[in-house]
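Here is the structure we will look at.
The values are calculated or read from the model by the stated rules, or taken from the named source; none is laboratory data. Here the structure is a predicted model, which is why all the values come from computation and not from measurement. Here the Cβ is made from the backbone with ideal geometry for all residues, glycine too, and neighbour counts use every protein chain on show. Please note that ligands, DNA and RNA were not included when accessible areas were found on the heavy atoms of the full protein model with its side chains. Shrake-Rupley method; radii C 1.70, N 1.55, O 1.52, S 1.80 Å.
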Amino acid sequence: MVNTILREADLFCPNSVGLILQSTIKPNNIVGFAWGSILSGMIGQLQHPIQTDATFVSLVGGPSPSNAAYHVNGIVYDAARTFGGHSLFVDAAAVQESKYIRDGILTSNYFRQIRDCWNHLDIALLGIGGPLSNTSSRWRDLLTDTDRELLKERQAIGDCCCTFFDKHGKILTGDLLDCTIAIPLPQLAHVPNSIGIARSLTKAPAILALLKMGVLNTLVTDAETAQRVLDLGD
């Protein structure tokens, strides 16, 4: 069963998402963040946040230098400061030059604590990327032309945690994913509060696929997007 939290268009905003986090978080929780334009502005608008001594951790690597202002580490830092907690950053780009480099980072001593947090998440807040034609993504400039062509051929409809999938919920494995620093999507199915945050009719197929995969148990969206997801699922 998925808990769907509907927000009218004028109320679907960073502040509403921040309030949902504030009502969900408990002392000493481990909270993970991935990409999302709504997520990037959710913390600063909270008034009277509770103090939790929680741990806040990045679930993905960072963007290219040209998009450094949208780094997920910034969301993690703001959350830890706001809720009186601790922060753990992924200090590497989301897409590395090779699997060898990616594996070296994931198995390094510095990454051990991050992996441990990924294994014990209480809350995950996840942005959802739509079709490849979507130009608002802050990390997809790391993709090569070859990456884009292969994803198009394999009918990618969206991404979550820098991981692409098709309309059936099949994760598109291969060279790109082998070079990507991100929590594995199947791991999110075991998180008690795995919260997807997205609004857009073009993202509805991606949202539906993630729901079918069991990656999300809570969806925060607006009524129009929710209705499109339901229509596609019929």
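Computed values, structure above
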| quantity | calculated |
| --- | --- |
| Residue, farthest from residue 170 (Cα to Cα), within region 117-153, restricted to residues that are of a type in the set (D, E, K, R), under 16 Å from the mean Cα position of the chain (by Cα) and open to solvent by 40 Å² or more (accessible area, probe 1.4 Å) | 122 |
| Region 198-215: number of residues that are touching a helix residue (DSSP H, G or I) at 6+ places or on another chain (Cβ under 9 Å) and either open to solvent by less than 10 Å² (accessible area, probe 1.4 Å) or more than 16 Å from residue 17 (Cβ to Cβ) (or both) | 12 |
| Residue in region 217-228 that is part of a loop (DSSP other than H, G, I, E, B) and touching a Ser or Thr at 6+ places or on another chain (Cβ under 9 Å) present | yes |
| Condition met for residue 192 (surrounded by fewer than 18 Cβ atoms within 10 Å (Cβ to Cβ) and either free of Cβ contacts under 8 Å to residues at least 24 places away in the same chain or polar (S, T, N, Q) (or both)) | no |
| Residue that is surrounded by the most Cβ atoms within 10 Å (Cβ to Cβ) [pool: residues in region 156-189 that are part of a loop (DSSP other than H, G, I, E, B) and charged (D, E, K, R)] | 166 |
| Number of the exception - residue 111 against (1) open to solvent by less than 70 Å² (accessible area, probe 1.4 Å); (2) farther than 24 Å from residue 207 by Cβ; (3) touching a residue at least 60 places away in the same chain (Cβ under 8 Å) | (3) |
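For (1) surrounded by 18 or more Cβ atoms within 10 Å (Cβ to Cβ); (2) farther than 26 Å from residue 141 by Cα; (3) in contact with a Leu (Cβ under 7 Å, 6 or more places away or on another chain), each residue gets a yes or a no:
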{"residue": "72", "(1), (2), (3)": "yes, no, no"}
{"residue": "90", "(1), (2), (3)": "yes, no, no"}
{"residue": "94", "(1), (2), (3)": "yes, no, yes"}
{"residue": "100", "(1), (2), (3)": "no, no, no"}
